[in-house]
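Reviewing the structure listed below.
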Amino acid sequence: RATLLLSRCLLKMVKGNIIVPEEILNFCCNGLQGSTSPPRAQESGEREEAQGAMASPSPARNPTEVQMSQLVLPCHTNHRNELSTGQLLKWIDTAACLSAERHAGCPCVTASMDDIYFEHTISVGQVVNIKAKVNRAFNSSMEVGIQVSYEDLCSGKHCSICKAYATFVAQGPSGSKVRLEPLTPQTEEEKIEYSIAAERRRMRLVHKDTLKDLLTHSPPDTELETRDGSGAVPAEKTRVESVELVLPPHANHQGNTFGGQIMAWMENVATIAASRLCHAHPTLRAIEMFHFRGPSQVGDRLVLKAIVNNAFKNSMEVGVSAEAYGQEMSISRRHINSAFMTFEVLDQQGRPRTLPMVAPEPGDGERRYREASARKKIRLDRKYVVSCKQTEVPLSVPWDQSNKVYLSYNNVSALKTLIAKANWTLAREKEKVRMYTLEEDKFLSFRIEMSVCITASRAFSLLSNLRRRHEWDSHYVSAELVQKVDDDDMIYHVVSRMLRHESKPQDFVILASRRKPCSRGDPYVVAFRSVTLPTHPARAEFTRGETLCSGFCIWPESEEMSKVAYYNQATPGYLNYVTTNVAGLSSDICATFEACEKFLLKNKEDLISRLQDF
C-alpha cells in the first residue's frame, strides 16, 4: 500500500515536469511488480509471527457470558425521563436467560430472582450495560450472576446500578427437567462465585422459615396496638388490581411468559399502589426475592394485585401478586408469583420524604403489616451482613434469631472466598506441613496444610467439634457449647491460654458453621467467626478476642487420604503471633498442626462415639 501511494505521488510529479531520481523510479517499479517483496518463506514466517502477536495470552472468556447494551430511549422511560424499572427487569431477565441457555443447550425458565437493590437511576440517552454468566450448575437448576451498570456517552462516566442473582431451570421438549453438566470455574472471581453459590442456594431454601421464626419470636407490634388512626391512610385505598393478556411478544420460544415481563407488570401495579399512598411519583429502591411458583402461557390472563402493606418513616413496602387463568372462568386461578417492593418518595433535592402512616384492615391487613416489619428487619440483615464486602462487616456481629441465616452465610462465604484466592505464597515448609501467606489490603492471611491418612468425612467430624480442640491445640483451654442453632451451626464460648506479654487470658464467642460437599469435588468446610451474645458479655477476668475469618477445608485425595488445610485472616491482636511464625522465629503453628495430625490419626476409628458426643 505504501509503495502504491508513493507511485501515485511520483506519477503526479512526472506529469508536472518535475525531475524524479532514477533510483526512486526503479524502486517503485520493482515494488509494484513484487520483486522487492520478501521471499515466500520469510513472508510466511512474518505472517505467523504477526498471528502469534495477535494471539498473545489474554483472559479466557467464560463461555456462558452474555453482554447486552441498550440505549435508553424515551419509550423506555417514566415521567422523569428515567429508565423504567420494569423495562430494566425485562432486560436483566433476558440477558440472564440467554446465559443460562448457553450452558444448558436447551430452553430455560426463570425460577427465582434474589433481592435487588437499585443504587442509581438511569436517564434517557444513557446506555445500560448488562453482563450475565452462569456461576454454578446444580442438578437441573443453575445460578446466573448479573451485573448492571450505566454509561454516559457524553462524559464517558460509568456507574454501577445493581447486582442480582437469578435461578433458572432447564426444560426438555415435554417440559421435563434436564440434568445439567457441571460448570468448571477458571478465574479467581469465578471460583469464588462458584463456591459461594452453594451457600446462597442454601439461604434461599430457608427464606420462608426465617420469616416464620422471626414472627414467632418477635413481641407484638406495640405501634399497631396503640395507633389512634388520626392521619393514617387506610391500606384499602391503595389497593390496585389489573389484568393483562399474554400475547406472543410477551412469551419465549416455548410459549411461556417471560419472567421479566411478569416482573415488569408487577412493578407497574406496585408503583400505582405506592402513588395512591403518597400522592406523588415514588422511586423503587429494592425488590425482595421473586419466586415463580408456576408458568403461564400465551393466551393466559394475568391478574395483578398490589397493596401497601406498611409505611415506615421514609419508605413503604408494597405487596404484589400475579395469578393466571385461561379463557374458562370456571377454572381456578393459578398463583404465579408474589413479591415485595420497597419505594421511596424523593424531594427536589433527592432526599427521601416523610410518608403518611398506613392503617391496615383487621385480620389479613394486620398480618401483612406485621410481616412487612419483619421483612424490613430481614432486608437490613441481608443488605449489611450478606451483600457488603467482608472488610465492611464488623468483627463481632450481634447474633439473634432473625439474622442467624445471614450470619451463617457470611461466615461460610468469607472462608470460601479466602480459599479461592489465587496469590498464596509458600512461606515455610517443615516435613509434611506447608505454610502459605496472602497479603492484600489491610489483612495478612495464612494457610497451613498437610495430607493425613484419614477419610475426609471423619476429619470433618473431628475438627468441627470445638469441644475437642484442646486435645490437640495447646492454645485452647476450654470450649463450651453455648447454643446449638441447628445441625450445621453452633455457638461456642472459647477460653484460650495467655500468650507472652499478656496479663490475662483471652476469651471468644465463636459461631462455628460446618458444610458438607454440595456436589462431587467440593470440600468439607468448617468456618469460624466472632459474634456477640447478650448472655455472654465481656468479663473482667478475660480479654475479649475476635476472629474475623478462619476455619478448616478438607479435600478427599483418595478413599483413605485427605488434604487438611487451616485458614486464618489475622486480626490485629493475633498479627504478631502470625508474623513471628511466618518469619521462622517460631514453629508454634507448625507444631500445633502436627499435633492435629496425631489427634486425627488417633481418633479416626472412633467415629460413631464422637458423632454422638458432637
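The values are calculated or read from the model by the stated rules, or taken from the named source; none is laboratory data. Since this is a predicted model, take the numbers as computed values, not measurements. Positions of Cβ are backbone-derived with ideal geometry, glycine not excepted, and every protein chain shown enters the neighbour counts. Note: accessible area is taken over every heavy atom of the protein model, side chains too, but ligands, DNA and RNA are not part of it. Shrake-Rupley method; radii C 1.70, N 1.55, O 1.52, S 1.80 Å.
A few notes on this one:
- The listed residue being open to solvent by 10 Å² or more (accessible area, probe 1.4 Å) and in contact (Cβ under 8 Å) with a residue 60 or more places away in the chain, out of ARG293, ARG285: ARG285
- From the list THR121, THR110, THR85, the lone residue that is farther than 19 Å from SER160 by Cβ and either assigned by the TED database to the domain that holds VAL144 or at pLDDT below 95 (or both) is THR110.
- Residues satisfying the stated conditions in segment 511-541, i.e. basic (Lys, Arg) and within 27 Å of THR184 (Cα to Cα): ARG514, ARG515, LYS516, ARG520
- Selection over segment 129-185 of residues that are at pLDDT 90 or above, part of a strand (DSSP E or B) and either among the hydrophobic types (A, V, I, L, M, F, W, C) or more than 13 Å from the chain's Cα centre (by Cα) (or both) gives a count of 24.
- Within segment 75-87, residues that are farther than 11 Å from GLN126 by Cβ reach partners that are surrounded by fewer than 17 Cβ atoms within 10 Å (Cβ to Cβ) with beta carbons closer than 8 Å, at six or more positions or on different chains, in the pairs ASN78/HIS281; HIS79/HIS281; ARG80/HIS281; SER84/ASN78.
- Those residues of segment 485-537 which are among the charged types (D, E, K, R), outside any strand (DSSP E or B) and either in the same structural domain as GLU143 (by the TED database) or more than 22 Å from the chain's Cα centre (by Cα) (or both), in sequence order: ASP486, ASP487, ARG497, ARG500, GLU502, LYS504
Conditions (1) in contact with a Lys or Arg (Cβ under 6 Å, 6 or more places away or on another chain); (2) farther than 25 Å from SER496 by Cβ; (3) modelled with pLDDT of 95 or more; (4) not charged (D, E, K, R), marked per residue:
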{"site": "LYS516", "(1), (2), (3), (4)": "no, yes, no, no"}
{"site": "SER519", "(1), (2), (3), (4)": "no, yes, no, yes"}
{"site": "LEU533", "(1), (2), (3), (4)": "no, no, no, yes"}
{"site": "GLY545", "(1), (2), (3), (4)": "no, no, no, yes"}
{"site": "CYS553", "(1), (2), (3), (4)": "no, no, yes, yes"}
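- Applying the condition of being among the aliphatic types (A, V, I, L, M), open to solvent by 20 Å² or more (accessible area, probe 1.4 Å) and in contact with a Ser or Thr (Cβ under 8 Å, 6 or more places away or on another chain) to segment 481-494 and asking which residue is farthest from SER530 (Cα to Cα) yields VAL485.
- Pick from segment 129-147, criterion crowded, with 19+ Cβ neighbours inside 10 Å and among the charged types (D, E, K, R), ranking: farthest from ALA100 (Cα to Cα): ARG136
- Segment 94-110 - residue that is open to solvent by less than 30 Å² (accessible area, probe 1.4 Å) and polar (S, T, N, Q) and, of those, farthest from THR184 (Cα to Cα): THR110
- Test: residue in segment 239-260 that is closer than 20 Å to ALA372 by Cα, small (Gly, Ala, Ser), within 28 Å of the chain's Cα centre (by Cα) and open to solvent by less than 30 Å² (accessible area, probe 1.4 Å): no
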